Amino acid sequence: MSALEGMRVLDMTQYEAGTACTQALAWLGADVVKIERPGFGDPGRGLLVGGDHSAYFLYWNANKRSVALDLEKPEGRALLLRMLPRYDVFVENFGPGVLEKLGLDYEAMRAVQPAIIHARIKGFGTGGPYAGYKCYDMVAQAAAGAFSVTGEADGPPMCPGPTMADSGTGVQAALAITAAYVQRMRTGEGQQIEIAMQEAMTFYMRTRVANGSEWGTAAVPRSGNGAGPMLNLYPCAPGGPNDYVYLVVATPRMWEQLCAALGRPELSCDPRFQGWIVRHENGAALYDEIATFTRAHTKHEAMRILAEAGVPCSAVLDTRDLFQDPQLRARGFVKQVQHEVLGEVPILGSPFRLSKSDVELRAAPVLGRHTDEVLRADLGLSEADLRQLHASGVIATKEG
């Protein structure tokens, strides 16, 4: 039995912030039915590669079912509202005003399903001077301050690599939905949830804000890859673009362990490096001492030697390394899933590990794969009904 077994979710999300939310719920066992436009689907399906089966789409839409339903047609909208009473949650992350134009706002949905949990993800929320602005991940990261603290101290702000504003917002929305679901179990009442990407992104900024902003009166400076030799990036053999190890030496005990691992125990007594402040003042000399060691080893060798000595560190794994990493493989995190068009493909799994809940990872669906199946089960439509809806273009399906 899965943790969220019994929760049913109508998913009208696209790209990443919304799809990350509904995938998190699906990973935990919710039945997620993704509503997509016939012939086009979620625009993330073709992102960067064209076609309908991008890796991007597969990574954010596992364990879902796809229904191709044209909501611009009155019959399509009517079908959605007929489906709604059979669902607990509705999620959308369209631009400002899109759902309202379709007549599918919270009030319209609550009229047919009073207990619905209606979740909307917007770039800046639905109030305030930015409410009408469109937003993507990088825009939200810039608006939340993430660019300002990323990059070299004497360089320009930089775009962070991970898409935290999208996927991070989605996971926060999934948490809020789960909380509302638990509350509804006590009260019987649904509610509306709004998550603004700008606000959600500040959750990942709190430590940087706390350490240097003087309660919002100063701008936290950029510090590149570290703050002195004890928190920094070190080059490794053979000198490739990602041949580095990152280490954090946070305590006196770790400092002694680092010196021992370097084969230089005498450094722990060197007056140039006595105490955190002095080590920082002589940072260039200490960096060279550590880098002499790391350059003589591959990043994986350096990580093993340092970590086994008790020093917190990691090789800088690139996106190819992730699929071969012995830790992730030993824990079964790298999965092989069977996609009906692409065949067997590797994918990174769910980080949720619950001892009493197990959900098998399934590949993202092709567009409209489950249209007829869902409409039969939810609305009891006959084959004649389905043929008529297909003929009028209201629905579409992918036949096996």
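The values are calculated or read from the model by the stated rules, or taken from the named source; none is laboratory data. Because the structure is predicted, anything quoted here is derived from the model rather than measured. FYI the Cβ positions are ideal-geometry reconstructions off the backbone, even for glycines, and counts take in every protein chain you see. Surface areas here come from the heavy atoms of the whole protein model, side chains and all, with no ligands, DNA or RNA. Shrake-Rupley method; radii C 1.70, N 1.55, O 1.52, S 1.80 Å.
Here is how the numbers come out for the structure above:
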{"read-out": "For the stretch 361-373, Karplus couplings with θ = phi - 60° (6.51, -1.76, 1.60), whole Hz, Gly/Pro x", "value": "6, 10, 5, 4, x, 6, 4, x, 3, 10, 3, 5, 4"}
{"read-out": "Arg320-Arg8 pseudo-label distance in nm [points 7 Å out on the Cα-to-Cβ vector]", "value": "4.7"}
{"read-out": "Folded to 0 to 90 degrees: helix 252-261 orientation relative to the chain principal axis, Cα", "value": "80"}
{"read-out": "Shape category assigned to the chain from the gyration tensor of Cα positions, a/c cut at 1.5", "value": "prolate"}
{"read-out": "Sequence of Thr19, Thr187, Thr298 when ordered by accessible area, the most exposed leading, probe 1.4 angstrom", "value": "Thr187, Thr298, Thr19"}
{"read-out": "From phi via Karplus (6.51, -1.76, 1.60), per-residue ³J(HN,Hα) for the stretch 54-68 in Hz, x at Gly/Pro", "value": "5, 4, 4, 5, 4, 6, 10, 9, 5, 6, 10, 10, 10, 10, 8"}
{"read-out": "Fluctuation leader among Pro252, Pro160, Pro38 - the chain, Gaussian network, Cα springs under 10 angstrom", "value": "Pro252"}
{"read-out": "Accessible heavy-atom area order of Met201, Met185, highest first, probe of 1.4 Å", "value": "Met185, Met201"}
{"read-out": "Residue range of the chain that is longest and free of GluC sites (Glu not before Pro) which are both DSSP loop and sparsely packed (at most 11 other C-beta within 10 Å)", "value": "215-359"}
{"read-out": "FRET efficiency, 1/(1 + (r/R0)^6) with R0 45 Å, evaluated for Arg331 and Arg376 via beta carbons", "value": "0.70"}
{"read-out": "When each of Lys73/Lys101; Lys299/Lys335; Lys64/Lys398; Lys335/Lys398; Lys64/Lys356 is checked by Cα-Cα distance, pairs over 19 Å", "value": "Lys299/Lys335; Lys335/Lys398; Lys64/Lys356"}
{"read-out": "Modelled FRET efficiency - R0 56 Å, Tyr130 with Asp270, Cβ distances, 0.05 increments", "value": "0.55"}
{"read-out": "5 angstrom amide H check on Ile117, placed H, neighbours 5+ away", "value": "Val89, Phe90, Gln191"}
{"read-out": "Under-5 Å amide H pairs with Asp42, H placed in peptide plane, nonlocal only", "value": "Arg37"}
{"read-out": "Full-extension gain in nm, Trp215 to Asp358, via 0.36 nm per residue minus C-alpha separation", "value": "47.1 nm"}
{"read-out": "Förster radius 35 Å - calculated FRET efficiency between Glu107 and Ala55, Cβ distance, rounded to 0.05", "value": "0.35"}
{"read-out": "Of Ala377, Ala144, Ala68, the one that fluctuates the most in a GNM where the chain has Cα springs shorter than 10 Å", "value": "Ala377"}
{"read-out": "Sparse-neighbour loop sites [chymotrypsin sites (Phe, Trp or Tyr not before Pro); the stretch 192-268; at most 10 other C-beta within 10 Å; DSSP]", "value": "Trp215"}
{"read-out": "Under the Karplus curve 6.51 cos²θ - 1.76 cosθ + 1.60, θ = phi - 60°, whole-Hz ³J(HN,Hα) for the stretch 187-202, x wherever Gly or Pro sits", "value": "9, x, 9, x, 6, 9, 10, 10, 10, 9, 4, 4, 5, 4, 5, 5"}
